[in-house]
Amino acid sequence: MLDILVVGGGYVGLSVAVAVKQSAPHLNIEVIEAAPERVWEKDERASAIIAAASKMLQVLKVWDEILPEAQPINRMIVTDSRTADPVRPIFLTFDGAVEEGQPFAHMIPNVAMVRALRGACERLGVTIRHGLSATGFNTTGSKTTITLADGSTIDTRLLVACDGVRSKLRDMAGIKTVTWSYGQSGIVTTVGHERPHEGTAEEHFLPSGPFAILPLTGNRSSLVWTERTADADRLVHSDDLVFEAELQRRFGHKLGEIRVAGSRKAFPLGLTLSRAFVAPRLALAGDAAHGIHPISGQGLNLGFKDVAALAETIVDADRLGLDIGALNVLERYQSWRRFDTFRMGVSTDVLNRLFSNDITPVRIARDFGLGLVDRMPGLKSYFIGQAAGTTGADRPKLLAGQAI
């Protein structure tokens with residue numbers, strides 16, 4: 001029987017396995033993933049990793065491997081305009097350092113992150129098995145039995161669901177969610193440009209939704225382009241000439257000529273918040289527990305916060321000789337994470353509704369608010385600290401760069 005079975009072989013699931021195994025090497029941990037082997041290598045996306053998450057990855061001994069492919073975000077600018085406006089005035093600027101030599105975030109290719117975490121699993125003796133999906137589970141006493149699609153079963157003391165925003169395990173457990181759609185989709189692609197970005201990230205608030213330009217290594221940037229769903233589908237399936245023309249209208253000309261340097265995909269955007277993060281012998285983490293709008297770039301980082309809190313909960317319980325799958329143990333993790341997650345979900349929802357419109361009185365009010373924040377250094381520092389995850393007295397140890 002396993003001590004922990006993690007379902008989902010993305011960065012959140014792998015990080016849970018590495019974090020727990022590193023601090024409690026005697027625990028028997030496996031990861032199963034429904035996708036075939038090597039599919040993860042085809043992921044062209046990149047993610048923003050906040051300072052607290054990079055500290056955790058340092059403790060997990062994978063950051064040095066990731067760092068050569070990481071692009072620091074040295075500056076963040078925010079504009080609010082219409083698509084056709086010839087000039088986009090900057091209402092808010094954030095310098096990207098939370099402390100000397102420590103930017104508040106890095107952009108990291110997803111492939112680099114998963115590769116490093118898979119390597120750590122191998123070094124620590126965590127088995128990763130592909131092509132396995134759970135079709136059901138049954139909890140009795142001190143164990144949970146998971147039934148797989150091939151009819152085989154696995155027994156474990158604790159089941160960790162990291163199987164995405166449409167989590168089957170969450171549904172099987174009968175955990176309800178608060179869910180709604182924004183009627184928007186996020187177009188994700190990579191572009192190359194003539195001039196260097198100098199580590200500057202840009203968030204352009206447009207009537208259809210935010211258009212984010214996020215710096216990558218070299219003269220490249222990752223885009224998260226929000227459009228109404230029908231328009232996003234049309235753009236993704238349009239020919240290259242139409243797509244690049246629409247892209248240039250939003251991107252602007254400050255970085256010179258641009259070209260699409262990767263595939264383009266659209267993902268529907270909505271809010272999904274689990275009403276509970278735990279059940280007997282089950283814990284939800286990452287998108288299985290919450291899916292939020294990308295307007296703040298915090299989705300993956302919420303998942304890493306789950307990792308840090310869940311790993312510390314499990315390791316502390318194990319050291320005290322407690323049952324790591326018992327509901328009263330797992331409730332510590334839930335109480336640690338649920339309020340922060342709901343707060344972030346509500347914040348991103350309000351921001352998206354506030355900025356994804358072209359109502360003149362609302363535009364005037366929000367631009368006044370952005371300008372006011374820009375003139376208050378203390379408030380800007382507070383927001384940077386919150387975004388970077390470096391503030392708060394109740395942070396899990398991993399997010400403060402400390403081993404569990």
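The values are calculated or read from the model by the stated rules, or taken from the named source; none is laboratory data. Everything numeric in this text was worked out from a predicted model, so none of it was measured. Ideal geometry is used to build each Cβ from the backbone, glycine not excepted, and the neighbour counts take in all protein chains shown.
Just a few scattered comments:
- Each residue in the stretch 77-133 was checked for being more than 26 Å from ILE49 (Cα to Cα) and outside the structural domain of SER15 (by TED's automatic domain parsing), and 9 pass.
- A single member of ASP306, ASP323, ASP318 is under 15 Å from ALA53 (Cα atoms), of a type in the set (Asp, Glu) and at pLDDT 95 or above, and it is ASP306.
- For the stretch 166-199, the candidate set comprises residues that are of a type in the set (A, V, I, L, M, F, W, C) and part of a loop (DSSP other than H, G, I, E, B); within that set, the residue that is farthest from the chain's Cα centre (by Cα) is ALA173.
- Test: ARG249 is of a type outside the set (Ser, Thr, Tyr), in a strand (DSSP E or B), loosely packed, with under 15 Cβ neighbours inside 10 Å and touching a residue at least 24 places away in the same chain (Cβ under 8 Å): no
- LEU214 vs. criteria touching a residue at least 60 places away in the same chain (Cβ under 8 Å) and either in the same structural domain as SER274 (by TED's automatic domain parsing) or not in a strand (DSSP E or B) (or both): no
- Selection within the stretch 273-282 - within 16 Å of MET172 (Cβ to Cβ), under 19 Å from the mean Cα position of the chain (by Cα) and not aromatic (Phe, Trp, Tyr): SER274
Rundown of residues vs (1) within 20 Å of GLN298 (Cα to Cα); (2) among the aliphatic types (A, V, I, L, M); (3) surrounded by 20 or more Cβ atoms within 10 Å (Cβ to Cβ), yes/no style:
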| position | (1), (2), (3) |
| --- | --- |
| PRO89 | no, no, no |
| VAL126 | no, yes, yes |
| THR139 | no, no, no |
| ALA149 | no, yes, no |
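- Only one of the numbered conditions (1) assigned by TED's automatic domain parsing to the domain that holds GLY325; (2) in contact with a helix residue (DSSP H, G or I) (Cβ under 9 Å, 6 or more places away or on another chain); (3) under 24 Å from GLY270 (Cβ atoms) is not met by MET172, and that is (2).
- Cβ pairs under 8 Å, 6+ apart, first in the stretch 125-154 and in a strand (DSSP E or B), second among the polar types (S, T, N, Q) and exposed (fewer than 14 other Cβ atoms within 10 Å of the Cβ): THR144/ASN138; THR145/ASN138; THR145/THR153; ILE146/THR153; THR147/THR135; THR147/ASN138; THR147/THR153; LEU148/THR135
- Positions within the stretch 155-165 being surrounded by fewer than 22 Cβ atoms within 10 Å (Cβ to Cβ) and part of a strand (DSSP E or B), in sequence order: ASP155, ARG157
- Look at (1) touching a Phe, Trp or Tyr at 6+ places or on another chain (Cβ under 8 Å); (2) surrounded by 21 or more Cβ atoms within 10 Å (Cβ to Cβ) and you find that THR79 fails only one, number (2).
- Residue list for the stretch 272-291, filter: of a type in the set (A, V, I, L, M, F, W, C) and either surrounded by fewer than 24 Cβ atoms within 10 Å (Cβ to Cβ) or not in a loop (DSSP other than H, G, I, E, B) (or both): LEU273, ALA276, VAL278, ALA279, LEU282, ALA283, LEU284, ALA288
- Filter result (under 14 Å from the mean Cα position of the chain (by Cα) and over 21 Å from SER221 (Cβ atoms)) within the stretch 45-56: ALA52
- In the stretch 41-52, the residues that are more than 18 Å from ALA388 (Cβ to Cβ) reach residues that are surrounded by fewer than 22 Cβ atoms within 10 Å (Cβ to Cβ) and modelled with pLDDT under 90 with C-beta atoms within less than 9 angstrom, at least six apart or across chains, in these pairs: GLU44/GLY262; ARG45/GLY262.
- Scanning the stretch 355-394 for residues that are within 22 Å of the chain's Cα centre (by Cα) and either assigned by TED's automatic domain parsing to the domain that holds PHE211 or crowded, with 18+ Cβ neighbours inside 10 Å (or both) turns up PHE355, SER356, ILE384, ALA387, ALA388, GLY389, THR390.
- Residues that are among the small types (Gly, Ala, Ser) and in contact with a helix residue (DSSP H, G or I) (Cβ under 8 Å, 6 or more places away or on another chain) do not occur anywhere in the stretch 357-373.
- Residue in the stretch 196-213 that is farther than 30 Å from PHE355 by Cβ, modelled with pLDDT under 95 and touching a Ser or Thr at 6+ places or on another chain (Cβ under 6 Å) present: no
- In the stretch 6-52, the residues that are in a helix (DSSP H, G or I), among the β-branched types (Val, Ile, Thr) and over 25 Å from ILE295 (Cβ atoms): VAL16, VAL18, VAL20, VAL39
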